[in-house]
Amino acid sequence: MKKNDLVELEIDSLACGGNSVSRLDGMAIFTKYGVPQSKVRARITRKKNSYAEALIEETLEHSPKERTPECPYFGNCGGCSWQNVDYAEQVAQKKQIVLDSLIRIGKLEVSQIDEPLAAPHPLNYRNKMEFSFSASRWLTKAEIALGEDEIADKHFAFGLHAPGRFDKVLDIDKCRLQHERANELFAILKSAAEKSGTTAYNHVKHEGFLRNFLLRYSYSNNQVMAMLVTNRPESPEELAFMEYYRTKFADNFTEKDTLLHGINATNSPVDIQETNLIKGTGYINEKILDIDYRISPESFFQTNSSQLNAFISKILEFADIKKDDVVWDLYCGAGSITLPASRKCSNIYGIELIESAVADARDNAKRNGIKNAHFYCEDLHKKQLPEMINSLPKPDIIIVDPPRAGMHKNVVDHIHTLAPKRFVYVSCNPTTQARDLEMLKDIYKITELVPVDLFPHTYHVESICKLELRDE
């Protein structure tokens, strides 16, 4: 087997990272957009000693697990790598990915793996989307085949960045992952922007007016937040468009919604220098497990609100918190686990690196009348753990929910030293979860495990692992 060879493959499974997996002559071959139980003809694009990569050119036999993608941009946008796979099969594959990671990477024993918590709404579930404008439109294969004369404007795109490209944007009409009300607002703004005579931002030359558009939606309160980010308006066309945005576009928002305008006149894609409130309060509210969270444009909050009650309830069930317990919540974010847990324990201590998330957590605790949740802004990934961690009361329970890179070894070592009787590891990356738990398997055993799908149609999966001290 060598590069450019044409091979016939039977897709066996889906992998962490989004690829599909086949085997030929004992070698793993990874392809994009393959469906388990299908047979395909693919061309080898890369050959390594232990694996190969290939591009599917033809489906020879369709799988009973295959579904027609809901989104016309599937295969181009990169956001939904599994939308052509039956949803129940996606969930089953995620369960296997979590189990394989713990057993193969961590060499861990899993005595009980529960059925995954499937998402109640596989579409229209995201409570936050960020769209980009670009003067460089990403052309799909179908558009290229039509010819340049058929493409209305190659220098104006409003949508999502093409995979791996900071400069090019795939022009879209809607996203099936966000709420329909957000899609309606997106379509209204897009139509107005295309007719306005203003320019989309050029990410290479660092010039142009329209830059980004943020949409957030509260499922519990039916509130929407929108923020358009532009360069500083100067030309007559730009000033006229902003007048439209403040008036006619604002008419699409109720008094409980929020509409903002951000100005970014720098080369940085994220440096908003000025934020102007046009309508509303500047925030929306979401309720999870009877905790009211105030969400601002920059707030960190899990993106699948409809799954959060079940997700956090399962974490709390695994933690089995008693009223006299002291709990640590490491990598606590804005307190989405900390605050519900606070109502079950004596005191809980949340540690988080991002200052704005800690500020949100403290504010949400105060507004909900919670006085036993204490938040600290500290970097748990320093070479030396922060001194303040030694001043905290010894925990009965530790809950961790680290970023995809997993825990720093210093944190793992500290948990090993403290050895609390109960330990819950929440992970968005089963491979680093397995690596970390391998370092703790001499004192902890996995007593229960449940995968949770917060991101349908993508390869991302959450894994909640309940651990208890081994008998001495």
Within the set of pairs 6+ apart or on separate chains, which have a first residue in segment 390-407 that is in the same structural domain as residue 332 (by TED's automatic domain parsing), a second that is among the polar types (S, T, N, Q) and part of a strand (DSSP E or B), and C-beta atoms under 9 Å apart? 393/347; 400/427; 401/427; 402/427; 404/427; 406/427
The one condition residue 324 fails out of (1) in contact with a strand residue (DSSP E or B) (Cβ under 9 Å, 6 or more places away or on another chain); (2) modelled with pLDDT of 95 or more; (3) surrounded by fewer than 15 Cβ atoms within 10 Å (Cβ to Cβ); (4) farther than 21 Å from residue 98 by Cβ is (1)
Any residue in segment 195-222 that is within 13 Å of residue 266 (Cα to Cα) sitting within a Cβ distance under 8 Å of a residue that is assigned to a strand (DSSP E or B) and among the basic types (Lys, Arg)? List the pairs, counting only those 6 or more apart or interchain. 201/211
Hey, can you tell me all the residues within segment 54-72 that are in contact with a Lys or Arg (Cβ under 6 Å, 6 or more places away or on another chain) and either within 24 Å of residue 91 (Cα to Cα) or among the polar types (S, T, N, Q) (or both)? 61, 70, 71
Is it true that some residue in segment 418-433 is assigned to a loop (DSSP other than H, G, I, E, B), touching a strand residue (DSSP E or B) at 6+ places or on another chain (Cβ under 7 Å), buried (at least 17 other Cβ atoms within 10 Å of the Cβ) and in contact (Cβ under 8 Å) with a residue 12 or more places away in the chain? yes
Taking segment 78-114 and the residues there that are of a type in the set (A, V, I, L, M, F, W, C) and part of a loop (DSSP other than H, G, I, E, B), the one that is farthest from the chain's Cα centre (by Cα) would be 108
How many residues of segment 144-170 are surrounded by 19 or more Cβ atoms within 10 Å (Cβ to Cβ) and either touching a Leu at 6+ places or on another chain (Cβ under 8 Å) or at pLDDT 95 or above (or both)? The answer is 8
Please work out if residue 374 is in contact (Cβ under 8 Å) with a residue 12 or more places away in the chain, in a loop (DSSP other than H, G, I, E, B) and surrounded by 14 or more Cβ atoms within 10 Å (Cβ to Cβ). no
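The values are calculated or read from the model by the stated rules, or taken from the named source; none is laboratory data. Keep in mind that this is a model prediction, so the values were computed, not measured. Heads up, the Cβs are rebuilt from the backbone with ideal geometry, glycines too, and the neighbour counts pull from every protein chain shown.
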